[in-house]
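The values are calculated or read from the model by the stated rules, or taken from the named source; none is laboratory data. Small disclaimer: the values here were computed from a predicted structure and weren't measured. When we count neighbours, we look across all protein chains shown, and the Cβ atoms used for this are built from the backbone with ideal geometry, even at glycine.
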Amino acid sequence: MRDMLASTATFVNCVGGADGDNPTEITRTDVDFVVRTLRGNNAYSFLTGVEGENRFGTAPVRDAYFGLGHTNLIGQLDNVNGFIQKWNYPNQQSTLDAEWGTVANIRFLLSSIGSVTPNASMIGNDVYNCFCVGRESFAAIEQDGYSAQFIEYVNFKLLVIDLECLEAA
C-alpha cells in the first residue's frame, strides 16, 4: 500500500523551513496548506475531535485527517509550531498505537516502514514522504488470482497528498 500511495499521490514539497534544501523540514505553514487543500476538496476527516477537559497540560484536538509517515520524523514533528503530543490529549480513548501527535487537523501516524526516497532532495538528502489522507481517499481490493469483483462507489474521494520533507538535522 505504501508504494502504491508513493506512486499515485499528489505531492507537495515542504517549503516553509529554513534549512536551505528543497524540500525543507516540515513547518506549520506546510501543514496548514495541506489541511486547506483537503478541506477545499471536501475530504472526510477520519476522527472526530477530542473535547477539552479540565486537566493540567492537555489541549483539545480537532477533527483530523491522517498523516502517514516514517519514525525519523519524530524530532521534526516535535518542533512544529502548535504540535500536541499524543499524551497531551485530554482523553486517551481515541488514540491509536502508531499515533505520535497532531498539528492542526492532521494526526500523524508513524512507522519504521514509512516511505523514504533516498538522496532525493536538491542537495542529496533523503526525503520522507508523509501521506496526508482523508477517509475514503484510497482503498485496497483483494484479488485471489482467479476471480475479481467490480466495486462501484459514487462518492469516492481520490485525494491523497504526499507532503515531502527532510529529516531534522
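Residues in region 110-126 that are surrounded by fewer than 19 Cβ atoms within 10 Å (Cβ to Cβ) and among the aliphatic types (A, V, I, L, M): 113, 116, 120, 122, 123.
What do you reckon, is residue 58 of a type outside the set (Phe, Trp, Tyr) and either surrounded by 15 or more Cβ atoms within 10 Å (Cβ to Cβ) or at pLDDT 75 or above (or both)? Outline the logic, then answer.
On the way: of a type outside the set (Phe, Trp, Tyr): yes; either surrounded by 15 or more Cβ atoms within 10 Å (Cβ to Cβ) or at pLDDT 75 or above (or both): yes.
Against the criterion (of a type outside the set (Phe, Trp, Tyr) and either surrounded by 15 or more Cβ atoms within 10 Å (Cβ to Cβ) or at pLDDT 75 or above (or both)), residue 58 qualifies.
Working carefully through the options 113, 123, find the one that is assigned to a loop (DSSP other than H, G, I, E, B), in contact with an Asp or Glu (Cβ under 6 Å, 6 or more places away or on another chain) and either hydrophobic (A, V, I, L, M, F, W, C) or modelled with pLDDT under 85 (or both).
On the way: 113 fails: in contact with an Asp or Glu (Cβ under 6 Å, 6 or more places away or on another chain).
One residue alone meets the criteria, 123.
Could you check region 14-45 and list, in sequence order, the residues that are among the hydrophobic types (A, V, I, L, M, F, W, C) and either buried (at least 19 other Cβ atoms within 10 Å of the Cβ) or under 12 Å from residue 132 (Cα atoms) (or both)? Across region 14-45, the qualifying residues are 14, 26, 31, 33, 34, 35, 38, 43.
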